[in-house]
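The values are calculated or read from the model by the stated rules, or taken from the named source; none is laboratory data. Please read all numbers here as calculations on a predicted model, not as lab measurements. Because the Cβ atoms are built from the backbone with ideal geometry, glycine has one as well, and the counts that use them run over all protein chains shown. Note: accessible area is taken over every heavy atom of the protein model, side chains too, but ligands, DNA and RNA are not part of it. Shrake-Rupley method; radii C 1.70, N 1.55, O 1.52, S 1.80 Å.
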Amino acid sequence: MSFKRFDPEDFVVSSDSITSTLWSTGTPTLTSFFTSSAQVASSAGNYYISVYNTSSTDQQTQFDIVYADSLGSGSELYNTIVPGNSYSKTMYGQYRSMILEDENASFTFGNGTNVISGSHFWILSIERARYKQSLFPGSLNLTLSGSGGIINLTDDSQDNPINTFIGSSRVLQLISGSNGTAGSLASSGYVANSGSYGLVFPDLGTIILNPFAISQSIKVAPSRSNNSDGLNPQKLFNAISLGAAFSLNSEETITSDYIFVRARNSEFNYSENPSFISGSTGEVIYDNFINAPQVYATTIGMYNDSNELLAVAKMSRPLLKDFTKEALVRVKLDF
């Protein structure tokens, strides 16, 4: 075994952005949507309903649908003697704290002269295992269908490529159109006097939908009755199911360390293999290995200063090494 210290120029760091299909079906577009009656009937069903890729026993969660209301309307109360303290109010507070980072702030949809404040909204929370590091801007295409027609929604990443933030979270506007651009440049994909269709937070895997804009377009609106369950998550689920098209990709940055292992012609030519040495005399059995040794390298070990093995790189085939050959092996570490 031979050791050689790496030089600073032997290390190179590279970052690559990788995009892939988000859904567990392996297809770019999810066309069939399923819920679980057991999940809906459970205590968790008071807060959200989970949407699955199949109804079979191997179903996997794709995203959750939440309804949030600052007044606590549209859902049952925790306690009937405490007005306004309901599941929808809890969810509003949770997303306000997570996104706005200010309990006195409020959500707004749109920008410029077409902005509306959102006191209630739907949320699509993409399953964490699905979107990896973030949602890929421009890949969002969601079709909603209701009694008033059909709308195709996307983010505005292509029309407005400069990043904007709410708090510390990157945000995009949800607009009518496809593949990150508005269907009508005149309106920027917004609804008159109702702002955008919602907000997209790529790094949080969260899409907030503006019910004012959606109700104007396809006549799908949440119930805001007091002290009773308006089944609002189910209403959005029905609109998604009837639309039968939800496309979305994930994005992640893979950081790789490249380490270049250099073996010059005078290095790593001898072996400590005991089969080369006579057990009785300790002499080299084959004389030609003294002045013209040949070895086959198969493994590269990387050690710290305490001589502790940190990583092992296995070569695809043995590498012949002698005094007439030099070797350069590139080791890639992904994390």
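Can you spot a residue in region 122-134 that is more than 18 Å from S176 (Cα to Cα), surrounded by 21 or more Cβ atoms within 10 Å (Cβ to Cβ) and among the basic types (K, R)?
The answer is no; no qualifying residue exists.
Scanning region 93-117 for residues that are surrounded by fewer than 17 Cβ atoms within 10 Å (Cβ to Cβ) and in contact with an Asp or Glu (Cβ under 9 Å, 6 or more places away or on another chain), which turns out farthest from L236 (Cα to Cα)?
Checked region 93-117; the qualifying residue farthest from L236 (Cα to Cα) is S97.
Considering only residues that are part of a helix (DSSP H, G or I) and farther than 17 Å from G148 by Cα, look in region 227-245 and name the one that is least open to solvent (accessible area, probe 1.4 Å).
This residue is N232.
If the requirement is being over 30 Å from S119 (Cβ atoms), open to solvent by 30 Å² or more (accessible area, probe 1.4 Å) and at pLDDT below 85, which of these qualifies: Y258, Y303, Y270?
Exactly one of Y258, Y303, Y270 is over 30 Å from S119 (Cβ atoms), open to solvent by 30 Å² or more (accessible area, probe 1.4 Å) and at pLDDT below 85, namely Y270.
So that you can scan it fast, the table gives a plain yes or no per residue for (1) of a type in the set (D, E, K, R); (2) at pLDDT below 90; (3) open to solvent by 100 Å² or more (accessible area, probe 1.4 Å); (4) under 18 Å from R264 (Cβ atoms):
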| site | (1), (2), (3), (4) |
| --- | --- |
| A292 | no, yes, no, yes |
| T298 | no, yes, no, no |
| L309 | no, no, no, no |
| A313 | no, yes, no, no |
| L320 | no, no, no, yes |
| E326 | yes, no, yes, yes |
| K332 | yes, yes, yes, no |
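Go through region 35-55 and report how many residues are open to solvent by less than 30 Å² (accessible area, probe 1.4 Å), in contact (Cβ under 8 Å) with a residue 24 or more places away in the chain and under 20 Å from S86 (Cβ atoms).
Within region 35-55, residues that are open to solvent by less than 30 Å² (accessible area, probe 1.4 Å), in contact (Cβ under 8 Å) with a residue 24 or more places away in the chain and under 20 Å from S86 (Cβ atoms) number 1.
Within region 20-48, take every residue that is within 13 Å of Q60 (Cα to Cα) and β-branched (V, I, T) and give me the one that is modelled with the highest pLDDT.
Selected residue: T35.
If you go through region 196-226, how many residues are under 26 Å from the mean Cα position of the chain (by Cα) and surrounded by fewer than 18 Cβ atoms within 10 Å (Cβ to Cβ)?
So the answer is 1.
I'd like the full set of residues that are open to solvent by 20 Å² or more (accessible area, probe 1.4 Å) and either more than 16 Å from S225 (Cα to Cα) or in a helix (DSSP H, G or I) (or both), limited to region 83-92.
Y87, K89, T90
Among the residues of region 214-241, write down those that are over 16 Å from L124 (Cα atoms) and either free of Cβ contacts under 8 Å to residues at least 60 places away in the same chain or out of contact with any Lys or Arg (no Cβ under 9 Å at 6 or more places or on another chain) (or both).
S215, Q216, S217, I218, K219, R224, S225, N226, N227, S228, D229
Go through the residues of region 100-119 one by one and say whether even a single one is over 30 Å from G26 (Cβ atoms) and assigned to a helix (DSSP H, G or I).
Yes, some residue in region 100-119 is over 30 Å from G26 (Cβ atoms) and assigned to a helix (DSSP H, G or I).
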